[in-house]
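The values are calculated or read from the model by the stated rules, or taken from the named source; none is laboratory data. Since the structure is predicted, the reported quantities are computational estimates derived from the model, not experimental observations. Every residue, glycine among them, receives a Cβ derived from its backbone with ideal geometry; neighbour counts consider all protein chains shown. Ligands, DNA and RNA are excluded from the accessible area calculation, which covers all protein heavy atoms including side chains. Shrake-Rupley method; radii C 1.70, N 1.55, O 1.52, S 1.80 Å.
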Amino acid sequence: MRLERHPGFLCFLAFVSLLLISNLPAAAQTLYVMSYNIHHGADRAEKPTLEEIGRFIKTSGADLIGLQEVDSLCGRSGNVDQMKELAAITGMHYAFVRHFAYDGGAYGLGILSRYPVSEVKNHRITSLSKAGKGSLALLSAVITLPGKKKVQFATVHFALDQPTRLTQSGETMEFLKGSLPVILTGDLNAEPGQEEITQLGKIFSFGGLHSGPTYPDQEPVKKIDYILVSKDHLKKFTRTKVWEGVQHSDHLPLSTEAKLR
């Protein structure tokens, strides 16, 4: 006996299919993330390397890149909007926020993303100096991934002195708390085991905490660059790498693949 394909029956099948799909567990999202202090687009000898940095990032395959020490229209780097230029080279979305005005332009932090960027924020973390109390940027943005899943991606550059870094660490944790998965990149100017790093470890997991030193770019001796993911949202890290031999800055790039729950 042949089953007639009644329109009502077909609608019922479509409804059941949608119901089953909606109740499947969400697929884990894997993102290839990089942190890179680009030393205002110059190598340790102050030779401009912005184009080389852009080409390296493009060929690396990274999905999300947090950049520190970025110039925007500064005299020392040729009055170039460095994030706009890097976005043009890589074909990626971008965001920039300033720490402060500098040399006719601004000095700050940047993000490159393979996916759309929204809700860009310049949180302000404490900066202590002989001149008194000020603030520096903490850049965060919402990244919309395929399938409409969203993550909060951020980058930061901590101070040279430990008392300030401890304050900045606590402020960073407070600013980035929320329901979205958080991926944080940065030059934290602290090595594994120091109190400010341990403090961040209360809510974040580190990609390649012991993956090797990242500074300076030649014969590196310090691990001060990091990639972190909120513990509640991380399944695992893979492919963590310090890019030895990539000497476009005075830091080495750090990358890792983060598989989210």
Hey, does the range 129-137 have a residue that's open to solvent by 60 Å² or more (accessible area, probe 1.4 Å), in a strand (DSSP E or B) and over 23 Å from L86 (Cα atoms)? yes
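This table checks each residue for (1) closer than 24 Å to G108 by Cα; (2) open to solvent by less than 80 Å² (accessible area, probe 1.4 Å); (3) out of contact with any strand residue (DSSP E or B) (no Cβ under 6 Å at 6 or more places or on another chain); (4) modelled with pLDDT of 95 or more.
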| position | (1), (2), (3), (4) |
| --- | --- |
| R5 | no, no, yes, no |
| S17 | no, yes, yes, no |
| L31 | no, yes, no, yes |
| N37 | yes, yes, no, yes |
| G54 | yes, yes, yes, yes |
From G147, G208, which residue is part of a helix (DSSP H, G or I) and in contact (Cβ under 8 Å) with a residue 40 or more places away in the chain? G147
Which of (1) of a type in the set (D, E, K, R); (2) within 16 Å of the chain's Cα centre (by Cα); (3) over 21 Å from Q199 (Cα atoms) does D225 not meet, given it meets every other one? (3)
Lone qualifier among D232, D225 - being at pLDDT 95 or above, at negative phi and open to solvent by less than 50 Å² (accessible area, probe 1.4 Å): D225
Could you please let me know if G245 is of a type outside the set (S, T, N, Q) and surrounded by fewer than 22 Cβ atoms within 10 Å (Cβ to Cβ)? yes
